[in-house]
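Worksheet: the structure to be examined is printed underneath.
The values are calculated or read from the model by the stated rules, or taken from the named source; none is laboratory data. Computed from a predicted model, the values in this text were never measured in an experiment. All Cβ positions, even for glycine, are placed from backbone atoms using ideal geometry, and neighbour counts span all protein chains on display.
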Ligand code: NZQ
Ligand code: ZN
């Protein structure tokens, strides 16, 4: 096991009707907030009205900024920074999914910084940030407790991430009932993202990480059991609750403790959603199995463990590679079963910009991605070809 530090300051308020506590939870941080959200979903569901009422009940003033789109854009972040400065707002409340939360986090680091907020997505360290609060509407990105934000710069369509403990939300409200209105495709995309967050940590060459292996496997199995139930009956509270909790558990840091993590599939996927504006989870359903087929020989044992413990595949001791490949196929079958694409064509991508994506992903071929196997530009290109 590797040395590690673990810090998880986000207060989680979980369960039915919890969004009505948003005013109370915000009050101790600020009385002047930016209310940030996406498209129409929170207005249609009535969530917007409940949040506004709760804020008003506590005497909290707010200025609102809607319009965050999936794969959130830098231009709206800049608008949010200006609104906060012009109105003296010192708290960002995100009501929505990963895109809204990530946009809120970017605004939170941009307000106290005099330079260009994009600097933080090019490696600049964060020194100061406004506090961010969250009412989550889709279990997927895990941004409700993560130290990350991923933003797309329309100038060149670069989708880049940043990380700092200073942007971990101070609280996140998780009410599974709010996810009943999700279209099936969004539920499935969210599921793929959650599973990917676990697998990016699971596929490691670090030895003696038994506890985190078992926690990863338990969380994956929870997803495999509950996602089909939620798709069958969107109002199944228990299934929705398991998925929502798994989404948080997958990505707040615990499952990666003591081990070297991979993250190549995420890096590759960000190039796809950056250029083609597809849902991040759908992109991952395409990239992850392809990545697995390309790298499994690096550590067949780990893939055998995945196949046997997560998918209950019988281990073929004479041919371990066969077992490993069967585990990968089970994952692919699961993604198909919940309605996700597993090839680029199924994702709707028919032109060929793989060379360009491989290049952007490895900064013009000057760096590698991933750790399970360090992937150079040519490797990324080969994975995209497998995904085709
Ligand atoms: O805009 P509205 O109308 O709200 O519709 C949204 C959006 O179209 C809809 N939606 C959300 N909650 C709903 C709902 N529709 C009906 N009922 C509800 N309850 O769902 C659509 C997708 O929303 P989005 O926020 O984009 O989804 P997600 O949470 O998957 O976030 C994706 C973004 O997060 C980034 C991704 O790259 C992507 O940009 N990630 C962020 C991470 C982080 N900060 O730690 C890590 C992840 O790996 C990921 O990269
Ligand atoms: Zn993700």
Exercise. Which one of the conditions (1) surrounded by fewer than 15 Cβ atoms within 10 Å (Cβ to Cβ); (2) within 16 Å of ligand 2 (Cβ to nearest atom) does residue 7 fail to meet, given that it meets all the rest?
Worked result: (2)
Seminar exercise, completed: Selection from the range 371-388 of residues modelled with pLDDT of 95 or more and either closer than 21 Å to residue 281 by Cβ or not in a helix (DSSP H, G or I) (or both) yields 371, 372, 373, 374, 375, 376, 380, 383, 384, 386, 387
For this session: Among the residues of the range 130-164, write down those that are at positive phi and at pLDDT below 95.
Result: 156, 157
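To keep it simple, each residue is scored yes or no on (1) in contact (Cβ under 8 Å) with a residue 40 or more places away in the chain; (2) away from ligand 2 (no atom under 16 Å from the Cβ); (3) assigned by the TED database to the domain that holds residue 19; (4) closer than 25 Å to residue 174 by Cβ.
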{"position": "62", "(1), (2), (3), (4)": "no, yes, yes, yes"}
{"position": "71", "(1), (2), (3), (4)": "yes, no, yes, yes"}
{"position": "80", "(1), (2), (3), (4)": "yes, yes, yes, yes"}
{"position": "83", "(1), (2), (3), (4)": "yes, yes, yes, no"}
{"position": "87", "(1), (2), (3), (4)": "yes, yes, yes, no"}
{"position": "94", "(1), (2), (3), (4)": "yes, yes, yes, yes"}
{"position": "99", "(1), (2), (3), (4)": "yes, no, yes, yes"}
{"position": "111", "(1), (2), (3), (4)": "no, yes, yes, no"}
Exercise. Does residue 123 meet the test of being out of contact with any helix residue (DSSP H, G or I) (no Cβ under 9 Å at 6 or more places or on another chain), farther than 17 Å from residue 247 by Cβ, without any contact (Cβ under 8 Å) to a residue 40 or more places away in the chain and within 16 Å of ligand 2 (Cβ to nearest atom)?
Worked result: no
For this session: Run down 356, 346 and say which single residue is modelled with pLDDT of 95 or more and within 19 Å of residue 160 (Cα to Cα).
Result: 356
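Residue-by-condition table, conditions (1) under 18 Å from residue 252 (Cα atoms); (2) more than 10 Å from ligand 1 (Cβ to nearest atom):
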position	(1), (2)
84	no, yes
102	yes, no
122	no, yes
138	yes, no
155	no, yes
158	no, yes
187	no, no
192	yes, no
197	yes, no
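How about the range 83-111: which of its residues are part of a loop (DSSP other than H, G, I, E, B) and closer than 12 Å to residue 134 by Cα? Give the steps one after another, and end with the answer.
Step one: of the range 83-111, the residues part of a loop (DSSP other than H, G, I, E, B) are 88-91, 97, 111.
Within the range 83-111, 91, 97 meet the criteria.
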Problem set entry | Qualifying residue in the range 59-68 (condition: within 12 Å of ligand 1 (Cβ to nearest atom), surrounded by 24 or more Cβ atoms within 10 Å (Cβ to Cβ) and modelled with pLDDT of 95 or more) | yes
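Please list, ordered by residue number, the helices (runs of 4 or more DSSP H) wholly in the range 258-370 having 2 or more residues that are within 16 Å of ligand 2 (Cβ to nearest atom) and under 20 Å from residue 387 (Cβ atoms).
On the way: elements: 264-276, 280-295, 300-305, 320-337, 354-361.
Hits in the range 258-370: 264-276, 280-295, 320-337.
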For this session: Kindly provide the set of residues from the range 28-56 that are farther than 10 Å from residue 93 by Cβ, more than 16 Å from ligand 1 (Cβ to nearest atom) and touching a helix residue (DSSP H, G or I) at 6+ places or on another chain (Cβ under 9 Å), ordered by number.
Result: 32, 53, 54, 56
